[in-house]
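Worksheet: one structure, shown below.
The values are calculated or read from the model by the stated rules, or taken from the named source; none is laboratory data. Computed from a predicted structure; not experimentally measured. Glycine gets a Cβ as well: all are built from the backbone with ideal geometry, and neighbour counts include every protein chain shown. Each accessible area value is taken on the protein alone, full model and side chains, heavy atoms only, with ligands, DNA and RNA left out. Shrake-Rupley method; radii C 1.70, N 1.55, O 1.52, S 1.80 Å.
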Amino acid sequence: MTMETPTLSGLTRMRRGFFALSAAAIAAATALSPAFVAPAHAQAGEAQQIADHFASVKTMMGDFVQFGPSGEQTGGKFYIERPGKVRFNYEQPSTFRVTSDGQSVVLENTRMNTADLYSLSSTPLKLLLDERIDLSGNKVQSVEQEADATTITLQDRSVFGNSTITMMFDPQNYDLKQWTITDAQGRDTTVMIYNVQSGVTFDPSVFSINYQRVNEIGTRRDTR
């Protein structure tokens, strides 16, 4: 598959808020009908059923629109391959690129020549990209049923502290529609996806990280 040149825009706060739905976007999506919150004893089982369906989709790609913590908006294309791989190609004139190879996530700014590397296991993205999404324990904070969406809020303090991830699914087919990650400071970043295709095949280079270049950039920054 031929990849577009990766670009990005409007991600100045991305280091603290990985890919999420804004509270305003959730409110707009749910305003048409009252939400039904499942009883506590039923939440985990229902959420696991939806998560199992989502995790059964091993590859997917599509378009996205993202809203940052201050309302900044951008868009582009995304690519996912389980377990653990994702790539976001953002529209010009942005100079950012986001890639996970299954072990690490790198946020690159080609204009500033910077690269920030994170362990995938320490980010909320891990819950989206696992081979199987395990919602046992106290990970499920809430499950809300609306006429046009099922919303699941998750938290795993042992993995990413006080951050939460909220995923919104189509109630009919359990397809993921959008997600929100709220950081420890309460800031949201929004991702809404559409034109999604599943069962696609990617070249391995789509999710590759040039660790040598990332290390060289980090060394230069440390010596300044």
How many residues does region 208-219 hold that are outside any loop (DSSP other than H, G, I, E, B) and open to solvent by 40 Å² or more (accessible area, probe 1.4 Å)? 6
Before we move on, is Glu108 modelled with pLDDT of 85 or more, buried (at least 18 other Cβ atoms within 10 Å of the Cβ) and farther than 21 Å from Glu46 by Cβ? yes
Answer from Arg97, Arg132 - the residue that is open to solvent by 20 Å² or more (accessible area, probe 1.4 Å), in a strand (DSSP E or B), touching a residue at least 12 places away in the same chain (Cβ under 8 Å) and not acidic (Asp, Glu): Arg97
From the set of residues in region 173-184 that are at pLDDT below 90 and not in a strand (DSSP E or B), which is most open to solvent (accessible area, probe 1.4 Å)? Ala184
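Residue-by-condition table, conditions (1) within 23 Å of Asp188 (Cβ to Cβ); (2) crowded, with 21+ Cβ neighbours inside 10 Å; (3) at pLDDT 85 or above:
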{"residue": "Leu11", "(1), (2), (3)": "yes, yes, no"}
{"residue": "Ala29", "(1), (2), (3)": "yes, no, no"}
{"residue": "Ala40", "(1), (2), (3)": "no, no, no"}
{"residue": "Gln49", "(1), (2), (3)": "no, no, yes"}
{"residue": "His53", "(1), (2), (3)": "no, no, yes"}
{"residue": "Gly68", "(1), (2), (3)": "yes, yes, yes"}
Mind listing just one residue for me: the one in region 71-94 that is in a loop (DSSP other than H, G, I, E, B) and modelled with pLDDT of 90 or more and, of those, surrounded by the fewest Cβ atoms within 10 Å (Cβ to Cβ)? Pro83
Would you tally the residues in region 185-207 being under 28 Å from Met61 (Cα atoms), open to solvent by 70 Å² or more (accessible area, probe 1.4 Å) and either at pLDDT below 90 or of a type in the set (S, T, N, Q) (or both)? 4
Assigned to a strand (DSSP E or B), under 17 Å from the mean Cα position of the chain (by Cα) and modelled with pLDDT under 90: does that describe Ile152? no
Can you name the residue in region 163-172 that is more than 12 Å from Lys139 (Cα to Cα) and open to solvent by 20 Å² or more (accessible area, probe 1.4 Å) and, of all such residues, is modelled with the highest pLDDT? Asp170
